[in-house]
Amino acid sequence: MSLVATTLAAAAALAAGVSSGCAACVETAAGACVPMKCHYTFVAVCLVEALGAFGTLGLVFVKCKMGRRWLAAVGLAAHAAALALMRTGLMGLCGDTSMHCHETALLCTALAAAGALACAVLIALADPRRATLPKRGI
């Protein structure tokens, strides 16, 4: 399950990094060309998801219960931050829904939501010895 969470975070980081928003730029009054705000949103999402991927990759090596919970919480926080960056007014996307950045945001949102679900399951099942412990009856 930790490899699933790592793969989802890495895929979201890769999707945000490769697509990186709209190709058009906004021209300033001085004549300079500045990237649209969706470009900066996807740069931030790429960095946050890369942090989440490294955090969940640590789950492969850490075997203690609290360490696994904290690393899964780092992954969950990274996915939640990526969702907040794309879907709230924190940074946001372009206003026109027909632009390329909305398609990329849909893919990144699906990957981040699935990764958040995987991290929530990892927090609940943090003890790696859980399967070998004796079962208690009711």
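The values are calculated or read from the model by the stated rules, or taken from the named source; none is laboratory data. For clarity, every value in this text was computed on a predicted model and none was experimentally measured. So basically every Cβ, Gly included, is an ideal-geometry build from the backbone, and we count neighbours across all protein chains shown. These area figures cover heavy atoms from the full protein model, side chains too; ligands, DNA and RNA do not enter into them. Shrake-Rupley method; radii C 1.70, N 1.55, O 1.52, S 1.80 Å.
Key figures for this structure:
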quantity	calculated
Unique match (being of a type outside the set (D, E), closer than 17 Å to A116 by Cβ, assigned to a helix (DSSP H, G or I) and touching a residue at least 60 places away in the same chain (Cβ under 8 Å)) among L76, L59, L71	L59
For Y40: the one exception among (1) over 17 Å from A11 (Cβ atoms); (2) at pLDDT 85 or above; (3) touching a Lys or Arg at 6+ places or on another chain (Cβ under 7 Å)	(3)
From the options T109, T104, residue that is part of a helix (DSSP H, G or I), modelled with pLDDT of 90 or more, within 29 Å of G58 (Cβ to Cβ) and of a type in the set (S, T, N, Q)	T109
Which numbered condition T104 misses (of (1) in contact (Cβ under 8 Å) with a residue 60 or more places away in the chain; (2) more than 15 Å from the chain's Cα centre (by Cα))	(2)
Matching residues in segment 1-20 - criterion: being open to solvent by 40 Å² or more (accessible area, probe 1.4 Å) and either among the aromatic types (F, W, Y) or not in a helix (DSSP H, G or I) (or both)	M1
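Yes or no, residue by residue, for (1) of a type in the set (A, V, I, L, M, F, W, C); (2) modelled with pLDDT under 85; (3) out of contact with any helix residue (DSSP H, G or I) (no Cβ under 6 Å at 6 or more places or on another chain):
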{"residue": "A23", "(1), (2), (3)": "yes, yes, yes"}
{"residue": "A29", "(1), (2), (3)": "yes, no, yes"}
{"residue": "C33", "(1), (2), (3)": "yes, no, yes"}
{"residue": "L59", "(1), (2), (3)": "yes, no, no"}
{"residue": "A113", "(1), (2), (3)": "yes, no, yes"}
{"residue": "L122", "(1), (2), (3)": "yes, no, no"}
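To keep it simple, each residue is scored yes or no on (1) surrounded by 15 or more Cβ atoms within 10 Å (Cβ to Cβ); (2) within 15 Å of C46 (Cα to Cα); (3) touching a Lys or Arg at 6+ places or on another chain (Cβ under 9 Å).
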| position | (1), (2), (3) |
| --- | --- |
| L57 | yes, no, no |
| G75 | yes, yes, no |
| H79 | yes, yes, no |
| T88 | no, no, no |
| S98 | no, no, no |
| T109 | yes, yes, yes |
| G115 | yes, yes, no |
